[in-house]
Number of protein chains: 2
Amino acid sequence: MAPDAEPVADGTGRARGRRSGRRPGANETRLDILRAARRIFAAYGYGGATMRTIAHEADVDAALIHHFFVSKEGVFAAAVEDSFACVPIAADDAPGDVGERLVRGFLDLWSNPDTRDPVLAVLRSAPTYDEAARLLRDLIGRRVAEYVAEGVGHDEAGLRATLVGSQLLGLALLRDVVKVEPLASADPETIVRVLTPTVDRYLAGELDPL
Amino acid sequence: MAPDAEPVADGTGRARGRRSGRRPGANETRLDILRAARRIFAAYGYGGATMRTIAHEADVDAALIHHFFVSKEGVFAAAVEDSFACVPIAADDAPGDVGERLVRGFLDLWSNPDTRDPVLAVLRSAPTYDEAARLLRDLIGRRVAEYVAEGVGHDEAGLRATLVGSQLLGLALLRDVVKVEPLASADPETIVRVLTPTVDRYLAGELDPL
């Protein structure tokens, strides 16, 4: 990606601030389109989003989106790129705290639209769009695997990482996508306390018959 | 639904067997369409399925699907009706075995296309189609809640049921939809042994701070 790549989670709302008083430049317009695309993909998934809806949300002509990103595939890839960069890495932390930090980091991610929308876009699209499924596989294989205690074999680390992913993404699916009560409105501290022992065990506990 | 409703998981392949030698009746054609619809919704989700693809899969004219089911909404509702009826209820079992039976029942469900397709259709559609999301909420609120130990309050039973749902559906999402390795090809017995303690704890264990 070009050096003008947008930090997904900068949270500064810079583009919006800059807009007042002068005409937006090409880079600013590109960032506006990416933000709009994240909202639309997060709301409707890849299959439900159209270039027209994204153009409407970004308040630009659809031809401009084609100019910048060529296709819906292109705008999706750019919109969700680095969407998981904000998942915290706990490598420098005490081992006993890793599970709790991972659960907290995941809940924090969902609490802010800047970090939530690209991840929600991937989660809503992965069941029916191969490119989003590939991004999810990457997330779990690469980033979650970094949490797994060193010194275990490759297969065991992979299984542990995918088990953690199954619990955290299952939580996001029911809590934030399908919105099943009472989970959807449960206090985040309750979720941290309930999920941490599960994630701790998947990360480093005894997994008979491993 | 009419008395001719199809048992989702009869697995007899009756319609196919009957076809030889005589012209299919209306009821048989209707069942063929439902089977085809389950395969198409399971493969593409609600948004990706069309009446035309379903008609092609069922080898009938699309007008016939409109005749039987009026709309795509109608054929989806009929195709996934009772799709969770096959999730086993363990009420008559020893309490200590409930978690394991639930995990085994869920894995068995995924091992047979007759029971898997309608559930996969709902799971693939729920992130972007409200009616499928409502079916998932029903499943967890109604059927999974039956597993929760008696004698707990309504809110706690609901939270326990949704936690179990988050782990089992997260597993299905990563293992059977997104197909993340090594989880996707892990031995079912390994999954039973790894997930049972989690499900047992969500069902009946200590969930500080409940």
| query | Hey, can you rank A:169-178, A:27-36, A:186-195, A:116-125 by average C-beta count inside 10 Å, highest first? | reply | A:116-125, A:169-178, A:27-36, A:186-195
| message | For A:Ser111, place a label point 7 Å from Cα along the Cα-to-Cβ direction in every copy; what are the distances to the other copies, in nm, shortest first? | response | 4.3
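Shielding of B:130-136 by partners, i.e. mean partner chain Cβ atoms within 10 Å per residue?
On the way: counts 1, 0, 1, 6, 1, 1, 6.
The per-residue average across the peptide is 2.
Normalising by the residue count of the stretch A:151-210, find the relative contact order in percent from Cα pairs under 8 Å and 6+ residues apart. Mind dumping the intermediate values first?
Numbers: 21 pairs, mean separation 25.1, N = 60.
Rounded, it is 42 percent for the stretch A:151-210.
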| query | Name the residues of the stretch A:161-183 whose amide N is less than 14 Å from a point 7 angstrom out from the Cα of B:Thr190 along the C-beta direction? | reply | A:161-164
| field | Accessible area in the full protein assembly, largest first, 1.4 Å probe, for A:His154, B:His66 | value | A:His154, B:His66
| task | Under 1.5 on a/c is rounded, so check that first for the stretch B:115-206, then, if it is not, pick prolate when a/b is larger than b/c and oblate when it is not; a ≥ b ≥ c are the square roots of the alpha carbon gyration tensor eigenvalues. | result | oblate
| field | Across the identical copies, how the A:His56 labels are spaced - nm, sorted shortest first, 7 Å along Cα→Cβ | value | 2.8
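Can you give the mean number of other chain Cβ atoms that lie within 10 Å of the Cβ atoms in peptide A:180-191?
On the way: counts 14, 7, 10, 8, 2, 0, 5, 1, 0, 1, 5, 3.
Mean shielding count: 5.
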| task | In nm to one decimal, list the spacings between the A:Arg134 label point and its equivalents in the other copies, with label points set 7 Å along Cα to Cβ, shortest first. | result | 3.7
| field | Where rotation carries B onto A, the chain B residue whose Cβ is nearest that axis, in whole Å | value | B:Gly170, 1
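Determine the shielding of peptide B:157-169 by partner chains: average, over its residues, the number of Cβ atoms on other chains within 10 angstrom of each Cβ. Please list the in-between numbers first.
Working: counts 1, 5, 7, 2, 3, 10, 10, 1, 7, 17, 8, 2, 8.
If you average over the peptide's residues, the count of other-chain Cβ atoms is 6.
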| With labels modelled as points extended 7 Å from the Cα through the Cβ direction, what inter-label distance (nm, one decimal) is found for B:Glu181 paired with A:Glu81? | 2.7 nm
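Just check the stretch A:170-210 against the gyration tensor rule for me: Cα atoms, a ≥ b ≥ c as the square roots of the eigenvalues, rounded for a/c under 1.5, and otherwise prolate or oblate depending on whether a/b exceeds b/c.
Values: a/c = 3.95, a/b = 2.06, b/c = 1.91.
Here the stretch A:170-210 falls in the prolate category.
The values are calculated or read from the model by the stated rules, or taken from the named source; none is laboratory data. Keep in mind the model is a prediction, meaning the values are calculated, not measured. Please note: Cβ atoms are built from the backbone with ideal geometry, for glycine as well, and neighbour counts cover all protein chains shown. Note: areas computed on protein heavy atoms with side chains; ligands, DNA, RNA excluded. Shrake-Rupley method; radii C 1.70, N 1.55, O 1.52, S 1.80 Å.
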